[in-house]
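Reading through the C-alpha cells given below for one structure.
The values are calculated or read from the model by the stated rules, or taken from the named source; none is laboratory data. Model, not experiment: these values are computed from the prediction. When we count neighbours, we look across all protein chains shown, and the Cβ atoms used for this are built from the backbone with ideal geometry, even at glycine.
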Amino acid sequence: MEFHEKLQELRKSKGFTQEELAESLYVSRTAISKWESGRGYPSIDSLKEISKFFGITIDELLSTEKLLSIAERENEENLRNICDMLFGLLDISSFILIVLPLYPNMVDEIIYSVNLLEYTQTTFLNRLVYWAMFILLIVVGSIKVLLTKFTNEKCNRIVTAFSMVLSILLVLFFAITREVYALVVVFLLLVIKGILVLRY
C-alpha cells in the first residue's frame with residue numbers, strides 16, 4: 001500500500017476530516033490533501049508527527065527508499081537555502097565598498113586611500129553610479145535573504161540573475177574608471193557569487 005493510501009486509511013480509522021488532521025499535525029489542509037492524493041510527501045518532521053499521532057513507526061508509513069529520497073530532497077533544499085542566504089549576504093556586504101578606503105584621493109601629490117563618502121577626485125556621474133549600484137546591490141541582497149523564507153523559485157531566479165548582472169556591470173564600470181582596489185573587491189564578490197550559483 002502506498003503512503004497516500006495508508007494516510008487516508010489512518011485518518012478515516014480515527015474518524016477525522018482532512019481539516020481536523022491538519023489541525024492536529026499543525027499543517028495546512030491543502031498539505032493533507034496533497035499527501036493523500038499522492039502529489040507529494042511530507043517532510044521528515046511531519047512524518048515524525050504523523051507516526052507519533054497515529055502511534056506507528058515511520059517504516060510502517062513509508063519504504064526505506066522513499067524515506068531516503070525525502071531526506072535527500074530536504075538536504076538539497078537546505079543546502080540551496082544556505083547558498084541563497086550566503087548569496088544575499090554577499091550583496092548586502094557591498095556596504096563595505098562604501099565604508100572601506102578603496103578610492104584614491106591625491107593631496108599635494110600624495111595619494112591617500114579614502115572611502116566613498118570622502119571620495120571627491122572623480123566625476124559626479126561616477127560617484128552617482130557607484131552609489132546607485134551599491135544601494136541596488138544592498139536592496140537586492142536584502143530581497144534575496146527574505147526570499148529564503150519562501151519557496152518562490154521563479155522570483156528567486158530573477159533576483160539571482162539581476163544580482164549577477166549588476167555585479168558584472170559594476171566590475172566593468174570599475175575597470176573602465178580604473179578604481180583598482182574597489183575592482184578587486186567587487187570581482188572577488190562576483191566570483192564567490194558565481195561559485196554559489198554553480199553549487200545549486
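Annotations for the structure displayed:
Okay, residues lined up against (1) part of a helix (DSSP H, G or I); (2) under 17 Å from I96 (Cα atoms); (3) assigned by TED's automatic domain parsing to the domain that holds V186; (4) of a type in the set (A, V, I, L, M, F, W, C):
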residue: Q121; (1), (2), (3), (4): no, no, yes, no
residue: N126; (1), (2), (3), (4): yes, no, yes, no
residue: W131; (1), (2), (3), (4): yes, yes, yes, yes
residue: V139; (1), (2), (3), (4): yes, yes, yes, yes
residue: I143; (1), (2), (3), (4): yes, no, yes, yes
residue: N156; (1), (2), (3), (4): yes, no, yes, no
residue: F162; (1), (2), (3), (4): yes, no, yes, yes
residue: S167; (1), (2), (3), (4): yes, yes, yes, no
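- Total residues in the range 43-65, condition in contact with a Phe, Trp or Tyr (Cβ under 7 Å, 6 or more places away or on another chain) and farther than 21 Å from G15 by Cα: 1
- Pairs where the first residue, in the range 73-100, is small (G, A, S) and the second is surrounded by 14 or more Cβ atoms within 10 Å (Cβ to Cβ), C-beta under 6 Å, 6+ apart: G88/G141; G88/K144; G88/V145; S94/F134; S94/L137; S94/I138
- Considering only residues in the range 104-136 that are surrounded by fewer than 13 Cβ atoms within 10 Å (Cβ to Cβ) and of a type in the set (D, E, K, R), the one that is modelled with the highest pLDDT turns out to be E118.
- Matching option when the condition is more than 25 Å from the chain's Cα centre (by Cα), within 19 Å of V186 (Cα to Cα) and polar (S, T, N, Q), among N105, N115: N115
- D91 satisfies every condition listed in (1) surrounded by fewer than 15 Cβ atoms within 10 Å (Cβ to Cβ); (2) of a type in the set (D, E); (3) closer than 14 Å to L189 by Cα except (1).
- Where L68 falls short, out of the listed (1) part of a helix (DSSP H, G or I); (2) surrounded by 13 or more Cβ atoms within 10 Å (Cβ to Cβ); (3) without any contact (Cβ under 8 Å) to a residue 60 or more places away in the chain: (2)
- Residue within the range 39-49 that is aromatic (F, W, Y), surrounded by 15 or more Cβ atoms within 10 Å (Cβ to Cβ), at negative phi and part of a helix (DSSP H, G or I) present: no
- Residues being of a type in the set (V, I, T) and either in a helix (DSSP H, G or I) or at pLDDT 90 or above (or both) - total across the range 145-154: 1
- Boolean, N81 is farther than 18 Å from F173 by Cβ and exposed (fewer than 13 other Cβ atoms within 10 Å of the Cβ): no
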